[in-house]
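One structure below.
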Amino acid sequence: MKDGMTIAVSKGRILKEALPLLARAGVQPLDDPGATRKLVFETNQAGIRLIVIRATDVPTYVLNGGADLGIAGKDVLLECVSDNLYEPLDLNIGRCRLMLAGPKDAPAQSGRLRIATKYVATTRNYFAAKGQQVEIIKLYGSMELAPVLGLSDLIVDLVDTGNTLRENGLAPLANIADISSRLIVNKASMKMKRARIKPFLSRLAAAIRE
Ligand code: ATP
Ligand code: PRP
């Protein structure tokens, strides 16, 4: 957006943790994003607005200049690596792990493994680095169901407490990446709106340390 500074925030669990962090950095939406269908929120800071969108759309908005800054999980960012984004701050929220997991006590598999995941690029890179060819089955959610119903041998998904894996008879096999939410900045915005963005980054960095 041309005037002011727009921050895109992933809705859902990241939003819940991001709002108190933004408040500590001095930015508070004038309406409660949890209590309205609004998508754009003016804040107590004139010229700073929040948009609340799906996690996977945050980098797209920031890359295309629809938003100047964004708050997104590293899992989402690993899927859309770009030269046009800065990633200056680890916000230390939305902590979990991206893991390879599979059925407990499954017999060793010969032949090409089938992996169900929402994280196609990261999964491809992970197995390519091991020199292993796999078949990747793209899903948009509930990955844990795929091995249970024979759709795949293994899954790549986010794990926090491990409850979802356990309750579906799965066990973790390997940690692919430690995940947390990051602040991303459009490179052109950083140049054009430096005077506004830089002080905000400093306040946010202080809020993370609090
Ligand atoms: P979408 O709306 O795009 O389908 P989603 O339904 O997966 O996304 P959430 O489950 O709210 O949305 O997850 C959004 C982000 O929160 C993820 O990208 C990840 O960074 C983080 N996250 C997801 N699950 C966990 C978890 N169990 N613990 C901590 N952080 C998580
Ligand atoms: C996330 C993730 C796992 C689960 C892991 O799902 O996709 O399924 O959390 O957390 P756990 O290890 O603590 O069980 P989420 O709750 O966000 O649901 P959704 O992605 O299906 O919307």
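The values are calculated or read from the model by the stated rules, or taken from the named source; none is laboratory data. Remember, it's a predicted structure, so these values are computed and weren't measured experimentally. Reconstructed Cβ throughout: ideal geometry from the backbone, glycine too, with neighbour counts over all protein chains shown. Side chains are part of the model used for accessible areas, which takes the heavy atoms of the whole protein and leaves out ligands, DNA and RNA. Shrake-Rupley method; radii C 1.70, N 1.55, O 1.52, S 1.80 Å.
Between residues in the range 3-26 that are among the hydroxyl-bearing types (S, T, Y) and residues that are assigned to a loop (DSSP other than H, G, I, E, B) and open to solvent by 40 Å² or more (accessible area, probe 1.4 Å), which pairs lie under 8 Å by C-beta distance while being six or more apart or on different chains? Pairs that qualify, where the first residue is among the hydroxyl-bearing types (S, T, Y) and the partner is assigned to a loop (DSSP other than H, G, I, E, B) and open to solvent by 40 Å² or more (accessible area, probe 1.4 Å), are S10/R54.
Among the residues of the range 124-142, count how many are within 16 Å of ligand 2 (Cβ to nearest atom) and either out of contact with any Leu (no Cβ under 9 Å at 6 or more places or on another chain) or under 19 Å from V81 (Cα atoms) (or both). Residues meeting the conditions: 4.
Of the numbered criteria (1) within 16 Å of ligand 1 (Cβ to nearest atom); (2) not in a strand (DSSP E or B), the one I176 fails is (2). Residues of the range 128-165 that are buried (at least 19 other Cβ atoms within 10 Å of the Cβ) and assigned to a helix (DSSP H, G or I): A146, P147, L165.
Scanning the range 1-30 for residues that are away from ligand 2 (no atom under 16 Å from the Cβ), at pLDDT below 95 and among the charged types (D, E, K, R) gives K2, D3. Only one of the numbered conditions (1) on the phi < 0 side of the Ramachandran plot; (2) open to solvent by 50 Å² or more (accessible area, probe 1.4 Å); (3) not in a helix (DSSP H, G or I) is violated by L100, and that is (2). For the range 68-83, the candidate set comprises residues that are within 16 Å of ligand 2 (Cβ to nearest atom) and open to solvent by 20 Å² or more (accessible area, probe 1.4 Å); within that set, the residue that is farthest from A25 (Cα to Cα) is E79. Just checking, does the range 175-185 include any residue being farther than 30 Å from G47 by Cα, open to solvent by 60 Å² or more (accessible area, probe 1.4 Å) and not hydroxyl-bearing (S, T, Y)? Yes, because at least one residue in the range 175-185 is farther than 30 Å from G47 by Cα, open to solvent by 60 Å² or more (accessible area, probe 1.4 Å) and not hydroxyl-bearing (S, T, Y).
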